[in-house]
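Notes follow once the structure below has been shown.
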Amino acid sequence: MLRAIEHVVEVSKNSKLKAESKAEMANEVRYIAERYGITERQAILFCVCMERGPRRVDYDDLAHHLDLSKIRILRYASDIDALVHRRLLRYRDAKEEDDFDVPVPVIRSLKHNEVYEQPKRTGLDCSELFDLLREWFDDLNNSAITPGDLWDEISNLLMDNKHISFTGSARYMREEPTKDY
């Protein structure tokens, strides 16, 4: 995995994402995309984030590495959002969404030549459920997630773990909360 990422980083440098560069790294990009369940463009952006970070990467870093204008790189914001949702990246401030990190668990997985898998969210016991909630509230306190996104995560978590007795009331959580947050 690391060799594939390294190759993508080398070929994508100053490439402007031109077709000939994409062709030269196609096998590695496809491999990374398939392993992580992301698009090929997201795979390239993830590799660049690994190289330019893994801490405090921003759109300017991506533009500089790929030799693209700052305006053009903003067209890839939805790809960054998808990588954040997949938890391969994490916003440093979810309200601003302009700089991001590669989370430690992703880096740890790569060091062991493993593909990062999102933590299990179904079939949790009570302790595991509260550990995940604690992590998400820490993310909220650190502005890494918005209150609305946290609401969605909690709602889905409770719906996916109805076997825990107090989550039976989760059916009421599908309604959008008032926007007092």
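So is I38 buried (at least 17 other Cβ atoms within 10 Å of the Cβ), in the same structural domain as H65 (by TED's automatic domain parsing), in a loop (DSSP other than H, G, I, E, B) and under 19 Å from the mean Cα position of the chain (by Cα) or not?
The answer is yes for I38.
Given the structure, is A26 more than 21 Å from Y116 (Cβ to Cβ), of a type in the set (A, V, I, L, M) and out of contact with any helix residue (DSSP H, G or I) (no Cβ under 9 Å at 6 or more places or on another chain)?
No; evaluated as a whole, the condition is false for this residue.
Got a sec? Which of R72, R52 is within 18 Å of S21 (Cβ to Cβ) and modelled with pLDDT under 95?
Numbers: R72 fails: modelled with pLDDT under 95.
Exactly one of R72, R52 is within 18 Å of S21 (Cβ to Cβ) and modelled with pLDDT under 95, namely R52.
Cβ-Cβ below 6 Å, separation at least six or inter-chain, first residue in region 130-143 and under 15 Å from Y91 (Cβ atoms), second among the charged types (D, E, K, R) and not in a loop (DSSP other than H, G, I, E, B): which pairs?
The qualifying pairs are W136/E153.
Go through the residues of region 126-133 one by one and say whether even a single one is surrounded by 13 or more Cβ atoms within 10 Å (Cβ to Cβ) and in a loop (DSSP other than H, G, I, E, B).
Within region 126-133, none of the residues are surrounded by 13 or more Cβ atoms within 10 Å (Cβ to Cβ) and in a loop (DSSP other than H, G, I, E, B).
Could you please let me know if D93 is without any contact (Cβ under 8 Å) to a residue 24 or more places away in the chain and either assigned to a loop (DSSP other than H, G, I, E, B) or not polar (S, T, N, Q) (or both)?
no
Check region 105-115 and report whether any residue there is within 19 Å of the chain's Cα centre (by Cα) and at pLDDT below 85.
Checked against the condition, which is being within 19 Å of the chain's Cα centre (by Cα) and at pLDDT below 85, region 105-115 yields no hits at all.
Do we find a residue being under 25 Å from R35 (Cβ atoms), surrounded by 15 or more Cβ atoms within 10 Å (Cβ to Cβ), in the same structural domain as S12 (by TED's automatic domain parsing) and in contact with a Pro (Cβ under 6 Å, 6 or more places away or on another chain) anywhere in region 53-74?
no
For region 147-165, does any single residue satisfy the condition of being surrounded by 15 or more Cβ atoms within 10 Å (Cβ to Cβ), within 20 Å of P54 (Cα to Cα) and β-branched (V, I, T)?
Taking every residue of region 147-165 in turn, none turns out to be surrounded by 15 or more Cβ atoms within 10 Å (Cβ to Cβ), within 20 Å of P54 (Cα to Cα) and β-branched (V, I, T).
The values are calculated or read from the model by the stated rules, or taken from the named source; none is laboratory data. Please read all numbers here as calculations on a predicted model, not as lab measurements. No Cβ is skipped: glycine too gets one built from the backbone with ideal geometry, and neighbour counts run over all protein chains shown.
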